[in-house]
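**Student:** What follows is a structure written as C-alpha coordinates; I'll ask about it next.
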Amino acid sequence: MIARLKAKPLIVWQLACAGALAALIARQAEGYSALSIVGNILFGNLVVTAAIVAAAWGLNHFHRMWRQRGSYVFHDGARLYRGSDASWPLASIRDAVVERSDIGIASLRLVIDDDSEVTRALVPLYLLDDAPEAVRGAVLFAASGVRGFPTGSVMN
(Lines give C-alpha, C1' and ligand atoms only; values in the text may rest on other atoms or scores of the structure.)
Protein backbone atom coordinates (compact mmCIF):
# COMPACT_ATOMS: atom_id res chain seq x y z
CA MET A 1 0.00 0.00 0.00
CA ILE A 2 1.46 3.32 -1.07
CA ALA A 3 -1.37 5.85 -0.67
CA ARG A 4 -4.72 6.08 1.08
CA LEU A 5 -7.53 8.50 0.31
CA LYS A 6 -9.46 10.75 2.67
CA ALA A 7 -13.03 9.60 3.23
CA LYS A 8 -14.74 12.98 3.77
CA PRO A 9 -14.13 14.53 0.31
CA LEU A 10 -15.24 11.30 -1.32
CA ILE A 11 -18.46 11.23 0.70
CA VAL A 12 -19.12 14.89 -0.14
CA TRP A 13 -18.63 14.21 -3.87
CA GLN A 14 -20.93 11.19 -3.65
CA LEU A 15 -23.62 13.25 -1.95
CA ALA A 16 -23.24 16.06 -4.48
CA CYS A 17 -23.57 13.64 -7.41
CA ALA A 18 -26.53 11.87 -5.79
CA GLY A 19 -28.26 15.20 -5.12
CA ALA A 20 -27.65 16.38 -8.67
CA LEU A 21 -28.90 13.05 -10.02
CA ALA A 22 -32.08 13.20 -7.93
CA ALA A 23 -32.76 16.83 -8.86
CA LEU A 24 -32.21 16.21 -12.57
CA ILE A 25 -34.41 13.12 -12.60
CA ALA A 26 -37.14 14.98 -10.69
CA ARG A 27 -36.92 17.84 -13.18
CA GLN A 28 -37.09 15.53 -16.17
CA ALA A 29 -39.73 13.09 -14.87
CA GLU A 30 -43.08 14.27 -16.20
CA GLY A 31 -46.00 12.14 -17.28
CA TYR A 32 -48.94 10.11 -16.05
CA SER A 33 -47.67 6.56 -16.53
CA ALA A 34 -44.39 4.85 -15.75
CA LEU A 35 -43.68 4.39 -19.44
CA SER A 36 -44.17 8.08 -20.22
CA ILE A 37 -42.00 9.10 -17.24
CA VAL A 38 -39.14 6.79 -18.31
CA GLY A 39 -39.51 7.92 -21.91
CA ASN A 40 -39.39 11.56 -20.87
CA ILE A 41 -36.28 10.96 -18.71
CA LEU A 42 -34.48 9.19 -21.55
CA PHE A 43 -35.70 11.15 -24.55
CA GLY A 44 -36.98 14.46 -23.17
CA ASN A 45 -34.50 17.31 -22.94
CA LEU A 46 -31.28 15.69 -24.16
CA VAL A 47 -29.06 18.15 -22.29
CA VAL A 48 -30.68 17.15 -18.99
CA THR A 49 -30.43 13.48 -19.97
CA ALA A 50 -26.69 13.94 -20.61
CA ALA A 51 -26.37 15.66 -17.22
CA ILE A 52 -28.17 12.71 -15.60
CA VAL A 53 -25.68 10.31 -17.20
CA ALA A 54 -22.76 12.49 -16.02
CA ALA A 55 -24.11 12.64 -12.46
CA ALA A 56 -24.64 8.87 -12.41
CA TRP A 57 -21.10 8.33 -13.71
CA GLY A 58 -19.72 10.68 -11.03
CA LEU A 59 -21.64 8.87 -8.29
CA ASN A 60 -20.28 5.52 -9.49
CA HIS A 61 -16.73 6.87 -9.82
CA PHE A 62 -16.56 8.42 -6.34
CA HIS A 63 -18.27 5.42 -4.74
CA ARG A 64 -15.67 3.11 -6.30
CA MET A 65 -12.88 5.39 -5.02
CA TRP A 66 -14.49 5.40 -1.55
CA ARG A 67 -14.54 1.59 -1.46
CA GLN A 68 -10.84 1.49 -2.39
CA ARG A 69 -9.76 4.38 -0.15
CA GLY A 70 -7.69 2.19 2.20
CA SER A 71 -5.25 1.16 -0.52
CA TYR A 72 -5.93 3.31 -3.57
CA VAL A 73 -2.34 3.35 -4.84
CA PHE A 74 -0.43 0.08 -4.39
CA HIS A 75 2.06 -2.18 -6.14
CA ASP A 76 2.65 -5.89 -6.41
CA GLY A 77 6.37 -5.76 -7.20
CA ALA A 78 5.87 -5.50 -10.96
CA ARG A 79 3.10 -2.94 -11.52
CA LEU A 80 1.83 0.21 -9.81
CA TYR A 81 -1.97 0.27 -9.51
CA ARG A 82 -4.32 3.25 -9.14
CA GLY A 83 -7.55 1.83 -7.83
CA SER A 84 -8.89 -0.86 -10.11
CA ASP A 85 -8.90 1.10 -13.35
CA ALA A 86 -5.27 1.93 -14.18
CA SER A 87 -1.83 0.37 -13.80
CA TRP A 88 1.71 0.95 -15.04
CA PRO A 89 4.82 -1.26 -15.05
CA LEU A 90 7.15 -0.17 -12.25
CA ALA A 91 10.13 -0.37 -14.57
CA SER A 92 8.65 2.33 -16.85
CA ILE A 93 8.08 4.91 -14.08
CA ARG A 94 10.74 7.64 -14.25
CA ASP A 95 9.40 10.19 -11.79
CA ALA A 96 6.38 11.39 -9.84
CA VAL A 97 5.66 15.13 -9.97
CA VAL A 98 3.06 17.52 -8.62
CA GLU A 99 1.29 19.49 -11.34
CA ARG A 100 -1.68 21.83 -11.40
CA SER A 101 -4.46 21.37 -13.91
CA ASP A 102 -5.96 24.17 -15.99
CA ILE A 103 -8.54 24.82 -13.27
CA GLY A 104 -5.93 24.87 -10.49
CA ILE A 105 -6.32 21.41 -8.93
CA ALA A 106 -2.93 20.04 -7.90
CA SER A 107 -2.37 16.33 -8.42
CA LEU A 108 0.42 13.82 -8.18
CA ARG A 109 1.27 12.64 -11.69
CA LEU A 110 3.58 9.95 -13.06
CA VAL A 111 6.24 10.49 -15.69
CA ILE A 112 6.24 7.29 -17.71
CA ASP A 113 9.09 6.21 -19.99
CA ASP A 114 7.09 5.65 -23.17
CA ASP A 115 8.34 8.50 -25.39
CA SER A 116 5.27 10.65 -24.76
CA GLU A 117 5.27 14.08 -23.21
CA VAL A 118 2.07 13.44 -21.26
CA THR A 119 2.15 12.68 -17.55
CA ARG A 120 -0.38 10.24 -16.08
CA ALA A 121 -2.65 11.35 -13.24
CA LEU A 122 -2.14 9.31 -10.11
CA VAL A 123 -4.26 11.09 -7.49
CA PRO A 124 -5.44 14.66 -6.72
CA LEU A 125 -3.62 16.08 -3.69
CA TYR A 126 -6.81 17.13 -1.89
CA LEU A 127 -7.84 13.45 -1.74
CA LEU A 128 -4.54 12.14 -0.35
CA ASP A 129 -4.60 11.08 3.28
CA ASP A 130 -0.79 10.91 3.33
CA ALA A 131 1.74 13.65 2.61
CA PRO A 132 2.41 14.07 -1.15
CA GLU A 133 6.17 13.86 -0.56
CA ALA A 134 5.78 10.53 1.23
CA VAL A 135 3.63 9.09 -1.58
CA ARG A 136 6.08 10.38 -4.20
CA GLY A 137 8.99 8.82 -2.30
CA ALA A 138 7.17 5.50 -1.96
CA VAL A 139 6.38 5.41 -5.69
CA LEU A 140 9.99 6.20 -6.63
CA PHE A 141 11.33 3.68 -4.09
CA ALA A 142 9.08 0.96 -5.52
CA ALA A 143 10.07 1.87 -9.08
CA SER A 144 13.78 1.95 -8.29
CA GLY A 145 13.59 -1.42 -6.51
CA VAL A 146 12.53 -3.06 -9.77
CA ARG A 147 15.53 -1.63 -11.63
CA GLY A 148 18.04 -3.15 -9.21
CA PHE A 149 19.48 -1.49 -6.13
CA PRO A 150 16.85 0.71 -4.46
CA THR A 151 18.10 4.26 -5.00
CA GLY A 152 15.85 5.55 -2.25
CA SER A 153 18.08 3.84 0.31
CA VAL A 154 21.35 5.35 -0.93
CA MET A 155 22.89 7.95 1.35
CA ASN A 156 24.38 11.11 -0.17
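**Student:** Mind listing whichever residues of the stretch 2-43 are open to solvent by 80 Å² or more (accessible area, probe 1.4 Å) and touching a residue at least 40 places away in the same chain (Cβ under 8 Å)?
**Tutor:** 4, 6, 13
**Student:** Please verify whether the stretch 63-82 includes one or more residues that are loosely packed, with under 13 Cβ neighbours inside 10 Å, touching a helix residue (DSSP H, G or I) at 6+ places or on another chain (Cβ under 9 Å), in a helix (DSSP H, G or I) and modelled with pLDDT of 90 or more.
**Tutor:** No, the stretch 63-82 contains no residue that is loosely packed, with under 13 Cβ neighbours inside 10 Å, touching a helix residue (DSSP H, G or I) at 6+ places or on another chain (Cβ under 9 Å), in a helix (DSSP H, G or I) and modelled with pLDDT of 90 or more.
The values are calculated or read from the model by the stated rules, or taken from the named source; none is laboratory data. Fair warning: this is a prediction, and the values are worked out from it, not measured in the lab. All Cβ positions, glycine included, derive from the backbone under ideal geometry; neighbour counts span all protein chains shown. Surface accessibility is based on the protein's heavy atoms, side chains included, excluding ligands, DNA and RNA. Shrake-Rupley method; radii C 1.70, N 1.55, O 1.52, S 1.80 Å.
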